Amino acid sequence: MLPVKVWTIRFLIAHTMATSSSADLSKAVKQQYMELPQGGTVQAMYIWIDGTGEGLRCKTRTLDAEPKTIEDLPEWNFDGSSTYQSEGSNSDMYLIPKAIFRDPFRKDPNKLILCEVLKYNRKPAETNLRQMCAKIMDKVENQHPWFGMEQEYTILGIDGHPFGWPSNGFPGPQGPYYCGVGADKAYGRDIVEAHYRACLYAGVDICGTNAEVMPAQWEFQVGPCEGIRMGDHLWMARFILHRVCEDFGVVVSFDPKPISGNWNGAGCHTNFSTKEMREEGGLKQIEEAIEKLSKRHQYHIRAYDPKGGLDNARRLTGRHETSNINEFSAGVANRGASIRIPRSVGQEKRGYFEDRRPSANCDPYAVTEALIRTCLLGEIGEEPEEYKQ
Ligand code: ADP
Ligand code: MN
Ligand code: MN
Ligand code: MN
């Protein structure tokens, strides 16, 4: 008979580990199949935002030929009752292709297709914020609005604990981790590297990456992107990150405050400019835009996370390089303000400004639309014009 102690350990192991995880399967064995010729066909993975406004879903179909433009892609559908998107009785939802990317997982000629979701009556689904955003972007096309978004995120183990943190405690306090190097400072760089290269392959406008202040927290930047392209490219970059993490057996969280207490939260700073702001003397236009933003703080807070400000309330405390959620503030090189004018922009008197309020889990379509409505369309008050009737 085995001593009691060994039995106890075996029991504990059996009951704390999942039966199996797809991340533990051999990627080398899978590779053999991925190298098989595909006989002129193309796999197109259709991707959409689900009913939570944060989650992404995907499914694949075979195409007979490589699609060159969005018009070459058929509409498709899915069961909305399984994605928090419709009642069971009327559950067919339409998938309308909107942007094509190269597929870095299955590689050429396969594609990733970002889609909009329409309801049975062909009206946009509740969490399809792209359609309205595109309409607003059309109105200001001649001002060439550019955006750049800084996506912060946290890598978690399958158990929901930050990746690389001691299982029953905390790492050393913040300080050495931001832009850090070394196994005791950079937690999970493999994921960051794989994601960066996958985005470049896909054709996502990713422009940089860095380790963040909290260990296991990272950032990538997308931009500058003009108009609706900002939302399209950020959503695709998020999808690719989820998919890379799946391969590594870890999970990405966009929660704005994954660990409470003395740990930085995660935001999605949004940098914005128009053609005029980028030209000589553009600082004047930047200051005018900030003046308009100062009169519409609550409207922006509602648009900057999927819960109308509740998520961001945990993050925008006025500490950890954030502003207070209840107050609007702006300043040159001020990382504790709602809006920051980068020092170089203050010096050159042209360029762009940064809105530091959006939460890491924001919908970029909602954020960019709100900036256009307030700064360029001159809307005032707490509700957009069309929503008033
Ligand atoms: P930070 O100093 O706030 O950490 P980052 O280097 O992380 O800044 O990100 C800067 C972002 O600003 C990038 O996404 C970049 O694409 C964007 N950006 C740069 N120039 C412009 C511009 N003229 N208009 C809008 N966005 C811009
Ligand atoms: Mn940054
Ligand atoms: Mn950052
Ligand atoms: Mn920033």
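The residues of segment 69-103 that are at pLDDT below 95 and not in a strand (DSSP E or B), listed by number, are Gly80, Ser81, Ser82, Thr83, Tyr84, Gln85, Ser86, Glu87, Gly88, Ser89, Asn90, Ser91. Reported count of residues in segment 208-222, each being of a type in the set (Val, Ile, Thr), within 11 Å of ligand 1 (Cβ to nearest atom) and touching a residue at least 60 places away in the same chain (Cβ under 8 Å), is 1.
In segment 344-363, the residues that are under 14 Å from Gly267 (Cβ atoms) form Cβ pairs under 7 Å with partners that are small (Gly, Ala, Ser) and within 13 Å of ligand 3 (Cβ to nearest atom), at six or more places apart or across chains, as follows: Arg356/Gly267; Pro358/Gly267; Ser359/Gly267; Ala360/Ala266; Ala360/Gly267. If you go through segment 34-43 one residue at a time, do you hit one that is among the β-branched types (Val, Ile, Thr), modelled with pLDDT of 90 or more and either outside any strand (DSSP E or B) or under 16 Å from Ala125 (Cβ atoms) (or both)? Within segment 34-43 (the criterion being among the β-branched types (Val, Ile, Thr), modelled with pLDDT of 90 or more and either outside any strand (DSSP E or B) or under 16 Å from Ala125 (Cβ atoms) (or both)), the answer is yes, since at least one residue qualifies. Exactly one residue out of Cys115, Cys133 is crowded, with 22+ Cβ neighbours inside 10 Å and in a helix (DSSP H, G or I): that is Cys133.
When you check Gly346 against the structure, is it more than 26 Å from the chain's Cα centre (by Cα) and within 17 Å of Val140 (Cβ to Cβ), yes or no? Spelling it out, it is not the case that Gly346 is more than 26 Å from the chain's Cα centre (by Cα) and within 17 Å of Val140 (Cβ to Cβ).
Scanning segment 264-288 for residues that are away from ligand 4 (no atom under 16 Å from the Cβ) and either more than 28 Å from Thr209 (Cα to Cα) or surrounded by fewer than 20 Cβ atoms within 10 Å (Cβ to Cβ) (or both) turns up Lys275, Glu276, Arg278, Glu279, Glu280, Gly281, Leu283, Lys284, Gln285, Glu287, Glu288.
Among the residues of segment 137-157, those identified as in contact with a strand residue (DSSP E or B) (Cβ under 7 Å, 6 or more places away or on another chain), more than 16 Å from ligand 2 (Cβ to nearest atom) and more than 19 Å from Asp232 (Cβ to Cβ) are Ile155, Leu156. Of the residues making up segment 184-208, those that are crowded, with 17+ Cβ neighbours inside 10 Å and under 16 Å from Phe239 (Cα atoms) are Ile191, Val192, Ala194, His195, Tyr196, Ala198, Cys199, Ala202, Val204, Asp205, Ile206.
Among the residues here, Gly318 does not qualify as over 24 Å from Val140 (Cα atoms) and either of a type outside the set (Gly, Ala, Ser) or within 16 Å of ligand 4 (Cβ to nearest atom) (or both).
Among the residues examined, Val332 does not qualify as of a type in the set (A, V, I, L, M, F, W, C), buried (at least 20 other Cβ atoms within 10 Å of the Cβ), on the phi < 0 side of the Ramachandran plot and more than 24 Å from the chain's Cα centre (by Cα).
Just so you know, in segment 136-171 the residues that are in a helix (DSSP H, G or I) and over 22 Å from the mean Cα position of the chain (by Cα) include one that is surrounded by the fewest Cβ atoms within 10 Å (Cβ to Cβ), and it is Asn142. Only one entry of Val181, Val244, Val250 meets the criterion of being surrounded by 22 or more Cβ atoms within 10 Å (Cβ to Cβ), away from ligand 1 (no atom under 16 Å from the Cβ) and farther than 20 Å from Ala366 by Cβ, and that entry is Val244.
Condition first: assigned to a helix (DSSP H, G or I) and of a type in the set (A, V, I, L, M, F, W, C). Now tell me which residues in segment 174-199 satisfy that. Hits for segment 174-199 are Ile191, Val192, Ala194, Ala198, Cys199. Considered as a group, the residues in segment 318-358 that are within 13 Å of ligand 3 (Cβ to nearest atom) and in a strand (DSSP E or B) include one that is farthest from Glu276 (Cα to Cα), and that residue is Arg340.
Conditions tested, residue by residue: (1) of a type in the set (Lys, Arg); (2) away from ligand 4 (no atom under 16 Å from the Cβ); (3) modelled with pLDDT under 95.
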position	(1), (2), (3)
Asp64	no, yes, no
Phe105	no, yes, no
Glu116	no, yes, no
Tyr120	no, yes, yes
Pro124	no, yes, no
Lys135	yes, yes, no
Leu156	no, yes, no
Gly160	no, yes, yes
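When you check Glu386 against the structure, is it of a type outside the set (A, V, I, L, M), in a loop (DSSP other than H, G, I, E, B) and at pLDDT below 95, yes or no? For Glu386, the condition - of a type outside the set (A, V, I, L, M), in a loop (DSSP other than H, G, I, E, B) and at pLDDT below 95 - is not met.
Does Gly261 meet the test of being surrounded by fewer than 18 Cβ atoms within 10 Å (Cβ to Cβ), more than 16 Å from ligand 4 (Cβ to nearest atom) and free of Cβ contacts under 8 Å to residues at least 60 places away in the same chain? The answer is yes for Gly261.
Being surrounded by fewer than 24 Cβ atoms within 10 Å (Cβ to Cβ), small (Gly, Ala, Ser) and within 16 Å of ligand 4 (Cβ to nearest atom): is that true of Ala211 here? It is true that Ala211 is surrounded by fewer than 24 Cβ atoms within 10 Å (Cβ to Cβ), small (Gly, Ala, Ser) and within 16 Å of ligand 4 (Cβ to nearest atom).
The values are calculated or read from the model by the stated rules, or taken from the named source; none is laboratory data. Predicted model, so just to flag it, every value in this text is computed and none were measured. Reconstructed Cβ throughout: ideal geometry from the backbone, glycine too, with neighbour counts over all protein chains shown.
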